[in-house]
1. Which of the residues spanning segment 328-351 are within 15 Å of Val362 (Cα to Cα) and of a type in the set (Phe, Trp, Tyr)?
2. Limited to segment 417-445, what total is found for residues that are farther than 13 Å from Tyr177 by Cα, open to solvent by 80 Å² or more (accessible area, probe 1.4 Å) and of a type in the set (Lys, Arg)?
3. Are any of the residues in segment 412-421 of a type in the set (Val, Ile, Thr) and either under 24 Å from the mean Cα position of the chain (by Cα) or modelled with pLDDT of 90 or more (or both)?
4. Starting from segment 346-357, keep only residues that are over 12 Å from Phe394 (Cα atoms), then list their pairs with residues that are in a helix (DSSP H, G or I) whose Cβ atoms are within a distance under 8 Å, requiring at least 6 positions of separation or different chains.
5. Which condition number does Pro255 fail, the rest of (1) closer than 16 Å to Val271 by Cβ; (2) in contact with a Leu (Cβ under 8 Å, 6 or more places away or on another chain); (3) open to solvent by 10 Å² or more (accessible area, probe 1.4 Å) being met?
6. So which residues in segment 192-207 are among the aliphatic types (A, V, I, L, M), surrounded by 15 or more Cβ atoms within 10 Å (Cβ to Cβ) and assigned to a helix (DSSP H, G or I), if there are any at all?
7. Is it the case that segment 32-49 has a residue that's under 54 Å from the mean Cα position of the chain (by Cα), part of a loop (DSSP other than H, G, I, E, B) and modelled with pLDDT under 80?
Amino acid sequence: MNEVQFPSGIPAAEWAATPESVQQLVLTLLQMNEELRERIGKLEERLKQNSHNSSQPPSADGPSKPVRLPKAASGRRRGGQPGHEGHTRLLKASEEVDSIVDVRPTSCSGCGALLLGDDPCAERRQVTEVPRVAPEITEYRRHSLWRLACGAVTTAAWPAAMPSGSFGPQVQAVVGYLSGRMSLSQRDIAEGIAAPYHVELAVGSIPAVQAAVSEALANLVTAVQQYVRQSAVNVDETGWQQENKRAWLWLAATPLVAIFLVMKTRGAQGVHSLLGDTFNGTVGSDRWSADNWLDPKRRQLCWAHLIRDFQKLVERGDESTRIGQALLTQAKELFRLWQRVCDGTLPHTAFAAEVDPIRTKVHQLLLAGTELKQAQTHQTCRNLFKVEDALWTFVTVADIEPTNNLVERSLRRAVLWRKRSFGTQSTTGSLFVARILTTVTTLRMQQRDILDFLTEACAAATLQQNQPSFLPFAPTT
């Protein structure tokens, strides 16, 4: 803030004749007024935050915020457009059908004569029904026998295939599925397994079943973490609670694998625990300071976050608007080129040359922003200028994207879990959350059946056999 020499509008001679104590008071009041104006400006800007200019989700915008129109909104009618290819339910082959009901006419509709034979082109219609599921209950009876000659009593060992608890691998898998995929509370899980499966499962028994699922997934999740540590990844975190204390749920993801961890830190130590101290790959993330230890050339800042920051500049007015609008224009052109890379019409090797003019213009705009008197715009541009190399890593590194949308989407289910349950009440509960979210998110990325995988994993843990793998292929070093 520039030092005030004397209030504007007061002649210099009159100001000079004013007692020094009064001058000092006036200058103090003017300085306080300037600080308050700056503080009010920041508060007003916070009130204007929404999903367009900040990291707030659209659900936080409230009913007064104008509805965000879809990108394709152009006056066309809702629904499928002319020429859109429809999707019709395909009929199963005859050998896949459980029963066939033939419906034949018995008499001619014209003359009433008896009709016999089959129609080789009979009209087909298939109706799918779900049978009533009844649980299979196996009772194990362990006998103890006494030998008269020596007086010893021998008790048989329980079979290796018998689960340690009261529920088998399929019930465990269903509980894991309803928890991690359907995001149900424990009371809803009890109802969700009782209604279709007719299995009586008390709410108090659910944590024990979840702990068994968690244990079955432990080694699999460790393998996922090792895989992630050898890949280019996107990283993010969201707030969590463990035993009513502050914690954070971290996520590192590649296009085919994701790993969640609950930790009590949001700082750089969290990134090190997630990726390992020897990680030397590329990380895509937002501008959180925990990633500042990374070389900017091994870090990719999220352009989706940057666009919201640029929109915030536009809404500040004056010179900030001009710079913000120009930055948005460059971002739009950047994503137009990136879309061509994604659809294969622009080779990644040629992408860098196409981006060079955009990169130069963004550099000039950020430099101009650092020279503005508007404090917040000056600070934003100065901070971006410090990590400018991290804006363009995706241009030269082919396996990283310009946004952090991959982990943002994967974190939504975790955020819903947190809002529903207010976190976890134990370390065991946090381990289950991390492991089941890792499992569900990874399997969905790979388009694999979640329930079948969980059943196989729980069965393998019971029998102490080799477990199925998350990894799409062996990681390369």
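1. Phe335
2. 1
3. Yes, some residue in segment 412-421 is of a type in the set (Val, Ile, Thr) and either under 24 Å from the mean Cα position of the chain (by Cα) or modelled with pLDDT of 90 or more (or both).
4. Hits for this filter: Leu346/Leu337; Leu346/Arg340; Leu346/Glu354; Pro347/Val341; Glu354/Leu337.
5. Pro255 satisfies all of (1) closer than 16 Å to Val271 by Cβ; (2) in contact with a Leu (Cβ under 8 Å, 6 or more places away or on another chain); (3) open to solvent by 10 Å² or more (accessible area, probe 1.4 Å) except (1).
6. Ile193, Ile206
7. There is at least one residue in segment 32-49 that is under 54 Å from the mean Cα position of the chain (by Cα), part of a loop (DSSP other than H, G, I, E, B) and modelled with pLDDT under 80.
Here's the yes/no breakdown for (1) in a helix (DSSP H, G or I); (2) of a type in the set (Ser, Thr, Tyr); (3) crowded, with 17+ Cβ neighbours inside 10 Å; (4) at pLDDT below 90:
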{"position": "Arg340", "(1), (2), (3), (4)": "yes, no, no, no"}
{"position": "Thr345", "(1), (2), (3), (4)": "no, yes, no, no"}
{"position": "Phe351", "(1), (2), (3), (4)": "yes, no, yes, no"}
{"position": "Asp356", "(1), (2), (3), (4)": "yes, no, no, no"}
{"position": "Leu366", "(1), (2), (3), (4)": "yes, no, yes, no"}
{"position": "Thr377", "(1), (2), (3), (4)": "yes, yes, yes, yes"}
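The values are calculated or read from the model by the stated rules, or taken from the named source; none is laboratory data. On a predicted model such as this, the values are computed, not experimentally measured, just so you know. Methodologically, a virtual Cβ is constructed for each residue, glycine included, from the backbone with ideal geometry; neighbour enumeration extends over all protein chains shown. The protein model used for the area step is the full one, side chains on, heavy atoms only, and it has no ligands, DNA or RNA in it. Shrake-Rupley method; radii C 1.70, N 1.55, O 1.52, S 1.80 Å.
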